[in-house]
Amino acid sequence: MKKDLLAWTLSGCVLSGSALAADEPSSPFRPLPVENAAEEKAAEALTLDLVITHLGEGEGPVRVSIETEDSWFVDDAEPFRTFTLPRTAENEVTLHVDDLPPGEYAIRVFHDEDGDNELNRRFYGPPKEPYGFSGAKTDRMLPKSFDYAKFHFDKPMAMTITLRG
């Protein structure tokens with residue numbers, strides 16, 4: 001009988017919360033330390049503002065893909081993120097990305113002038129539709145290496161990509 005009474009009393013205390021200590025160290029619900037909360041807040045505030053200029057003549061959308069090294073020019077690999085932007089009359093479009101985690105990325109862009117979801121090419125290989133890449137070393141026709149187009153993203157950033165072709 002004493003065992004049953006003790007068990008009921010303990011379970012009643014636990015269920016009501018009165019038996020829990022205020023500074024219970026083993027609780028899974030602890031507030032984040034201040035420095036981690038600040039880092040998390042800074043990570044949430046990372047934004048990428050992209051301006052794409054020199055669109056082609058067609059009325060089709062502008063297609064943007066943000067790539068990682070694992071997906072850069074790899075057949076059947078999905079880009080990290082993709083965006084389809086409607087063409088504007090100003091000959092440029094803008095994209096605001098506010099949920100991109102820190103890391104190394106490269107961007108591929110093309111103006112899908114005819115709206116067929118493909119970067120159309122000339123019979124000898126180069127693109128027919130306007131295209132462009134991120135990075136400072138993209139003076140090549142098609143930067144096959146991720147290193148040519150990559151950028152390190154760890155703070156808010158604005159970037160302009162001028163299409164060619």
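Here is a yes/no grid of residues against (1) crowded, with 17+ Cβ neighbours inside 10 Å; (2) modelled with pLDDT of 95 or more; (3) touching a helix residue (DSSP H, G or I) at 6+ places or on another chain (Cβ under 6 Å); (4) within 17 Å of LEU50 (Cβ to Cβ):
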| residue | (1), (2), (3), (4) |
| --- | --- |
| ALA89 | no, no, no, no |
| LEU100 | no, no, no, yes |
| GLU118 | no, no, no, no |
| LYS137 | no, no, yes, no |
| LEU142 | no, no, no, no |
| SER145 | no, no, no, no |
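The criterion of at least 1 residues that are within 13 Å of the chain's Cα centre (by Cα) is met, among strands (runs of 3 or more DSSP E) falling completely within segment 62-160, by 62-67, 81-85, 92-97, 103-111, 150-153. Just one of (1) surrounded by 15 or more Cβ atoms within 10 Å (Cβ to Cβ); (2) in contact with a Pro (Cβ under 6 Å, 6 or more places away or on another chain); (3) not β-branched (Val, Ile, Thr) fails for PRO130. It is (2).
Residues are listed down the side, and each one gets a yes or a no for (1) over 18 Å from PHE146 (Cβ atoms); (2) in contact with a Ser or Thr (Cβ under 6 Å, 6 or more places away or on another chain); (3) not basic (Lys, Arg):
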site	(1), (2), (3)
ILE52	yes, no, yes
GLU59	yes, no, yes
ASP75	no, no, yes
THR84	yes, no, yes
LEU95	yes, no, yes
GLU104	no, no, yes
ARG108	no, yes, no
ARG121	yes, no, no
PRO127	yes, no, yes
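Taken over segment 102-116, the residue count meeting the criterion of being surrounded by fewer than 16 Cβ atoms within 10 Å (Cβ to Cβ) and either in contact with a strand residue (DSSP E or B) (Cβ under 7 Å, 6 or more places away or on another chain) or without any contact (Cβ under 8 Å) to a residue 24 or more places away in the chain (or both) is 3.
The values are calculated or read from the model by the stated rules, or taken from the named source; none is laboratory data. All figures in this text were calculated on a predicted structure; none of them were measured in a lab. All Cβ positions, even for glycine, are placed from backbone atoms using ideal geometry, and neighbour counts span all protein chains on display.
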